[in-house]
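To start, the structure itself, in structure tokens.
Just so it is clear, none of the values below were taken in a lab; they were calculated from the coordinates. Since the structure is predicted, the reported quantities are computational estimates derived from the model, not experimental observations. Backbone-built Cβ (ideal geometry, glycine too); neighbour counts: all protein chains shown.
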Amino acid sequence: YHPLRGEWVVYAAHRQGRTFLPPKEHCPLCPSREGGFPTEIPFPSFQVAVFENRFPSFVEEAPPPPEGLPVPAGRALGRCEVVVYTPAHTGSLATLTEEERLLLAWAWRDRYEALYALPGVRFVMPFENRGEAVGVTLHHPHGQIYAYPFVPPVLERESQAFRERPVLLELFPNLGPYVVDEEKGFLAFVPPFARYPFEVWVAPVERHPGPWTFSEGEMAAFARLLGRVVARYDALFGEPFPYVMVFHAAPLGEEATFHFHVEFYPPRRTRDKLKFLAGTELGAGTFVVDALPEETAKALRAALP
């Protein structure tokens, strides 16, 4: 436990041995082929695959911490899963068919329900790291899900904000120039307080604690809009756009006021320049952004018809 920052730090030294950018023929997320390289998926075909991460940060049978530590410590209890979007080795949320994207959205919903049912889990977070610029180690289209035994500090702050007032519901009527795209019941927008030049949020216009309360129509609209956001990113500079995508759903006990949303953090600030977190961001927690949110929203709107 970090006593000055009031947050937990998770140590998982075994992750140093995880697979790092293997060639296509040795991809562990492709379907297994007869006589071929054995992968994590023992089937010749699949649609969406979900399995426990071989290099997890949290496990259901975590060992106790060493004795005698000078700060509070605990077991890293929880679960980490890999979600493989497609059997194809290349592609993205943008290139999946509408049916494939919708099936993936239902898989996320299923895992939310299953993981929140585990003893001790207080927060569940699906996410995707895309591109070497954000440290991805496997190029096959996939994401991950972490089930935490505590509520991480970002979600603690968001939960408190939503308990005090309906922040997003108050924001939506004033988004105007910040809107990037929309679907029935959903908005994609660059937040007026964006910390990354091309940061985008996707949220339902009515409050939902998480996708588990979406109707079938809302699930379809949500999946379509996620795909179009990624398509706009890729069209912006005419090449795959790196990002971190994170789902923010209600932590356990916050369902009455939390407003589900998805946040995209892209590291690019121009075609050939990255936004690095440096002194003011890491040392003070204050972001300095090199572009105005309304201008990046305009660029993303123009990226696709």
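Details
- Straight Cα distances below 22 angstrom link residue 273 to the lysines 298, with same-chain residues fewer than 8 positions distant left out.
- Note on the chain: GNM, Cα springs under 10 Å; of 267, 44, 197, the largest mean-square fluctuation is that of 44.
- Ranking 166, 189, 230 by how far each Cα lies toward the positive end of the dipole of region 131-250 (charges on Cβ) leaves 166 at the top.
- Charge sum, other residues only, whose C-beta stays under 14 Å from residue 47's C-beta, Lys/Arg counted +1 and Asp/Glu -1: -3
- Only the Cβ atoms of Lys and Arg (+1) and of Asp and Glu (-1) were treated as charged; on that basis the dipole of the chain about its Cα centre amounts to roughly 560 debye.
- Order by protection proxy (mean Cβ within 10 Å, highest first), peptides 5-15, 138-148, 69-79: 138-148, 69-79, 5-15
- Remark: the residue 215-residue 292 segment gains 24.2 nm on full extension, using 0.36 nm per residue and subtracting the alpha carbon distance.
- Residue exposure sequence - 34, 98 - by fewest surrounding Cβ within 10 Å: 34, 98
- Student exercise, region 187-230 dipole from Lys, Arg, Asp, Glu Cβ charges, in Debye to nearest 20: 140 debye
- Under the membrane-span-like helix rule (DSSP H runs whose alpha carbons stretch at least 30 Å along the helix axis, mean Kyte-Doolittle hydropathy -0.5 or higher), the chain yields 216-237.
- Ellipsoid semi-axes for the chain, based on the Cα gyration tensor and the rule √(5λ), read 28, 26, 21 Å when sorted largest first.
- Secondary-structure-derived ellipticity at 222 nm for the chain, considering helices only, amounts to -7500 deg cm²/dmol, per-run term -39500 (n - 2.57) for DSSP H runs with n ≥ 4.
- The chain, relative contact order [Cα under 8 Å, separation at least 6], %: 17 percent
- Rounded Å value of the spacing that divides the Cα centres of region 82-111 and region 191-256: 15 Å
- Note on residue 275: aspartates and glutamates with a C-alpha under 19 Å away, same-chain residues under 8 apart excluded, are 128, 132, 199, 234, 239, 263, 290, 294, 295.
- All other residues whose Cβ lies under 12 angstrom from that of residue 291 are scored, Lys and Arg at +1 and Asp and Glu at -1, for a net of +2.
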